[in-house]
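*Asks:* Once you've had a glance at the structure underneath, I'll fire off some questions.
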Amino acid sequence: KAGVTQTPRYLIKTRGQQVTLSCSPISGHRSVSWYQQTPGQGLQFLFEYFSETQRNKGNFPGRFSGRQFSNSRSEMNVSTLELGDSALYLCASSFSGTDYEQYFGPGTRLTVT
Amino acid sequence: DQQVKQNSPSLSVQEGRISILNCDYTNSMFDYFLWYKKYPAEGPTFLISISSIKDKNEDGRFTVFLNKSAKHLSLHIVPSQPGDSAVYFCAALFGNEKLTFGTGTRLTIIP
């Protein structure tokens, strides 16, 4: 079974731009969660999608948004990028949304200059 | 407010010795705890977990201890091997809430 894939793996953007990251979950998994990892902050939960609906949301500003398609693939969008948005963005998928059964992708490294 | 804390950002241990990674939490409602391991350029992978009704769970070289009264858990790796060099995250769960992760500890095993 193929694992969770994320594209692109690396991205460099300029302040003020917007960016879209993509996540393809493991086949059959309906839940996709997104996390931001920064040094000193660990992994912070952004949001979770289940069957195309946002089911949970973390404490991030409205510049961070996401969506999920009928094939469970998910995209995350960040508008008006700030320097502090530089981070590793991880997505994780699970069949039912149970967190202790989730599998992580390799992440997208976003650098904002 | 960091509800799950890993106060040691890094740890170096000689190969063959015991590695002990620590994690403290503040929310007494957490009822399930997990450890993840992360290599560079890869996502975190699940390592071992423990329910709050237990105080110890063992899986091969890995043992997790939970001290509920102290709100403290630790991961023991015995014996430590070079392949154990990675960043370790502890995480806590309450009911259907999302996982709350610690900040991570970078473990380096010295050959």
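The values are calculated or read from the model by the stated rules, or taken from the named source; none is laboratory data. What you see is a predicted model, and the numbers here were worked out from it, not measured in a lab. Every residue, glycine as well, gets a Cβ built from its backbone with ideal geometry; the counts of neighbours run over all protein chains shown. Keep in mind that these areas ignore ligands, DNA and RNA; they rest on the heavy atoms of the full protein, side chains included. Shrake-Rupley method; radii C 1.70, N 1.55, O 1.52, S 1.80 Å.
*Asks:* For the stretch B:9-26, how many residues are in contact with a strand residue (DSSP E or B) (Cβ under 7 Å, 6 or more places away or on another chain) and open to solvent by less than 60 Å² (accessible area, probe 1.4 Å)?
*Replies:* Let us first name the residues in the stretch B:9-26 that are in contact with a strand residue (DSSP E or B) (Cβ under 7 Å, 6 or more places away or on another chain), namely B:9-15, B:18-25.
Applying the additional criterion that residues be open to solvent by less than 60 Å² (accessible area, probe 1.4 Å) yields B:11, B:13, B:19, B:21, B:23-25.
The number of residues fulfilling the criteria is 7.
*Asks:* If a residue counts only when it is more than 23 Å from residue A:104 (Cα to Cα), which strands (runs of 3 or more DSSP E) contained entirely in the stretch B:1-98 have at least 1 such residues? Break it down stepwise before answering.
*Replies:* Values: elements: B:10-14, B:19-25, B:32-38, B:45-51, B:56-59, B:62-67, B:72-77, B:86-93.
Of the strands (runs of 3 or more DSSP E) lying wholly inside the stretch B:1-98, those with at least 1 residues that are more than 23 Å from residue A:104 (Cα to Cα) span B:10-14, B:19-25, B:56-59, B:62-67, B:72-77.
*Asks:* Restricted to the stretch A:1-38, and to residues that are of a type in the set (A, V, I, L, M, F, W, C) and assigned to a strand (DSSP E or B), which residue is farthest from residue A:68 (Cα to Cα)?
*Replies:* First, the residues of the stretch A:1-38 that are of a type in the set (A, V, I, L, M, F, W, C): A:2, A:4, A:11-12, A:19, A:21, A:23, A:26, A:32, A:34.
After this cut, where a residue has to be assigned to a strand (DSSP E or B) as well, the list is A:11-12, A:19, A:21, A:23, A:32, A:34.
Working: A:11: 21, A:12: 24, A:19: 16, A:21: 12, A:23: 9, A:32: 8, A:34: 11 Å.
Only one residue tops the list, namely A:12.
*Asks:* Ok, one more. So which of B:26, B:45, B:63 is without any contact (Cβ under 8 Å) to a residue 40 or more places away in the chain and closer than 28 Å to residue A:59 by Cα? Break it down into steps so the answer makes sense when it comes.
*Replies:* On the way: B:26 fails: without any contact (Cβ under 8 Å) to a residue 40 or more places away in the chain; B:63 fails: closer than 28 Å to residue A:59 by Cα.
Just one listed residue meets the conditions, B:45.
*Asks:* So which residues in the stretch A:71-113 are of a type in the set (D, E, K, R) and either outside any helix (DSSP H, G or I) or within 11 Å of chain B (Cβ to nearest Cβ) (or both), if there are any at all? Break it down stepwise before answering.
*Replies:* Here is the first cut: in the stretch A:71-113, the ones of a type in the set (D, E, K, R) are A:73, A:75, A:82, A:85, A:99, A:101, A:109.
Result: A:73, A:75, A:82, A:99, A:101, A:109.
*Asks:* Residue pairs, Cβ under 8 Å, 6 or more apart or interchain, first in the stretch A:102-113 and at positive phi, second open to solvent by 20 Å² or more (accessible area, probe 1.4 Å) and in a strand (DSSP E or B). List them.
*Replies:* If the second residue must be open to solvent by 20 Å² or more (accessible area, probe 1.4 Å) and in a strand (DSSP E or B), the pairs left are A:107/A:37.
*Asks:* I'm trying to understand the selection: among the residues of the stretch A:39-60, which are assigned to a loop (DSSP other than H, G, I, E, B) and either touching a residue at least 24 places away in the same chain (Cβ under 8 Å) or within 14 Å of another protein chain (Cβ to nearest Cβ) (or both)? Give the derivation first.
*Replies:* Residues of the stretch A:39-60 that are assigned to a loop (DSSP other than H, G, I, E, B), as a first pass: A:39-41, A:51-52, A:58-60.
Within the stretch A:39-60, A:39, A:40, A:41, A:58, A:59, A:60 meet the criteria.
*Asks:* Let me ask you something else. Go through (1) out of contact with any helix residue (DSSP H, G or I) (no Cβ under 9 Å at 6 or more places or on another chain); (2) away from chain A (no Cβ under 12 Å); (3) among the basic types (Lys, Arg); (4) surrounded by 13 or more Cβ atoms within 10 Å (Cβ to Cβ) for residue B:38 and report which single condition fails.
*Replies:* Status for residue B:38: all satisfied but (2).
*Asks:* Quick one: count up the residues across the stretch A:27-40 that are surrounded by fewer than 19 Cβ atoms within 10 Å (Cβ to Cβ) and under 26 Å from residue B:4 (Cβ atoms).
*Replies:* Quick first cut of the stretch A:27-40, residues surrounded by fewer than 19 Cβ atoms within 10 Å (Cβ to Cβ) only: A:27-28, A:30, A:38-40.
This time we only want the ones that are under 26 Å from residue B:4 (Cβ atoms), so: A:38-40.
Within the stretch A:27-40, residues that are surrounded by fewer than 19 Cβ atoms within 10 Å (Cβ to Cβ) and under 26 Å from residue B:4 (Cβ atoms) number 3.
*Asks:* Further, regarding this structure: Looking at the stretch A:41-58, is at least one residue under 19 Å from residue B:45 (Cβ atoms), open to solvent by 20 Å² or more (accessible area, probe 1.4 Å) and hydrophobic (A, V, I, L, M, F, W, C)?
*Replies:* yes
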